[in-house]
1. For region 39-50, which residues satisfy the criterion of being in contact with a Phe, Trp or Tyr (Cβ under 9 Å, 6 or more places away or on another chain) and either within 17 Å of VAL26 (Cβ to Cβ) or modelled with pLDDT under 95 (or both)?
2. Enumerate the pairs (first residue in region 51-62 and open to solvent by less than 10 Å² (accessible area, probe 1.4 Å); second residue anywhere and assigned to a strand (DSSP E or B) and of a type in the set (Gly, Ala, Ser)) with beta-carbon separation below 6 Å, excluding pairs fewer than 6 apart on the same chain, so at least 6 apart or on different chains.
3. Determine which single condition GLY117 fails, assuming it passes every other condition in (1) over 14 Å from the mean Cα position of the chain (by Cα); (2) crowded, with 18+ Cβ neighbours inside 10 Å; (3) under 26 Å from HIS150 (Cβ atoms).
4. Could you list, in sequence order, all residues of region 12-26 that are open to solvent by 70 Å² or more (accessible area, probe 1.4 Å) and either acidic (Asp, Glu) or under 14 Å from TRP51 (Cβ atoms) (or both)?
5. Sort out which residues of region 152-178 are assigned to a helix (DSSP H, G or I) and either at pLDDT below 90 or over 29 Å from the mean Cα position of the chain (by Cα) (or both), and write them in order of number.
6. Just to verify a result, which residue in region 72-84, among those that are touching a residue at least 24 places away in the same chain (Cβ under 8 Å) and open to solvent by 40 Å² or more (accessible area, probe 1.4 Å), is nearest to the chain's Cα centre (by Cα)?
7. Need a quick list: helices (runs of 4 or more DSSP H) entirely within region 26-82 having at least 2 residues that are among the basic types (Lys, Arg).
Amino acid sequence: DLFEDGGDTGRLMAALDWAATDVGPVEQWPQSLRAAVRIVLSSRYPMLLLWGPRFTQLYNDAYSALIGNRHPDALGIDVRITLAEGWDVLQPLIADAMRTGVASWVPALQLLLDRAGYREEAYFSVSHAPARDDDGITAGVLTVCSEVTHQVVGERRLALLRDLSVPTDVAAAEVEATCERLCEVLGAQPADVPFAA
């Protein structure tokens, strides 16, 4: 019944051979791990639990949508494999939560992820909090996140359009200066305008 109310991901987790993973068979899980899994699976907000020294992943339906084609293979394996291309950014946050026991909060963390067959720019508001075992020792990290890519990229592109706007009273003699200014604006935004002619 641990995975019963966990939706599609819960059903996949119930069928998974946990004994073949680093967290071991479900019957031997500590109460703290069971409680954390229940919290993760019952949430409609994207949540990921990393447990043990190999950061074994347990997550919910909402999180599965964020990792795209990495799901369902990511269940029960090391997050350093699943999110290898973003590990240099994530590792310090996770290590800090485990070392200090204090949760972090990053409002628009940039990650370059390959979750649909190509590398893409993505942004997440994310918190990493320590997850403790039955003895009160930090045994993992609980990650709560939401994707804010559309918001971050949309605001950046709107600012680019604003910077590109040209006053309507520009005289013909100012065409060269206007073109130079437009090229400077475009050149400063390679993520949104990688090529312009």
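1. Correct list: VAL40, LEU41, LEU49.
2. Close Cβ pairs (under 6 Å, with a partner that is assigned to a strand (DSSP E or B) and of a type in the set (Gly, Ala, Ser)) do not exist here.
3. (2)
4. First, the residues of region 12-26 that are open to solvent by 70 Å² or more (accessible area, probe 1.4 Å): 12, 15, 17, 20, 22.
ASP17, ASP22 - these are the residues of region 12-26 that are open to solvent by 70 Å² or more (accessible area, probe 1.4 Å) and either acidic (Asp, Glu) or under 14 Å from TRP51 (Cβ atoms) (or both).
5. From region 152-178, those assigned to a helix (DSSP H, G or I) are 152-164, 172-178; that's our starting set.
Listed by number, the residues that qualify are ARG162, ASP163, LEU164, ALA172, ALA173, GLU174, VAL175, GLU176, ALA177, THR178.
6. Within region 72-84, the subset touching a residue at least 24 places away in the same chain (Cβ under 8 Å) is 72, 75-80, 82-83.
This time we only want the ones that are open to solvent by 40 Å² or more (accessible area, probe 1.4 Å), so: 72, 77, 80.
On the way: PRO72: 16, ILE77: 16, ARG80: 13 Å.
Selected residue: ARG80.
7. 31-42
Let's see how each residue does on (1) at pLDDT below 95; (2) within 20 Å of PRO130 (Cα to Cα); (3) touching a strand residue (DSSP E or B) at 6+ places or on another chain (Cβ under 9 Å):
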{"site": "ASP1", "(1), (2), (3)": "yes, no, no"}
{"site": "VAL26", "(1), (2), (3)": "no, no, no"}
{"site": "GLN31", "(1), (2), (3)": "no, yes, no"}
{"site": "GLY52", "(1), (2), (3)": "no, yes, yes"}
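The values are calculated or read from the model by the stated rules, or taken from the named source; none is laboratory data. Please read all numbers here as calculations on a predicted model, not as lab measurements. Heads up, the Cβs are rebuilt from the backbone with ideal geometry, glycines too, and the neighbour counts pull from every protein chain shown. Keep in mind that these areas ignore ligands, DNA and RNA; they rest on the heavy atoms of the full protein, side chains included. Shrake-Rupley method; radii C 1.70, N 1.55, O 1.52, S 1.80 Å.
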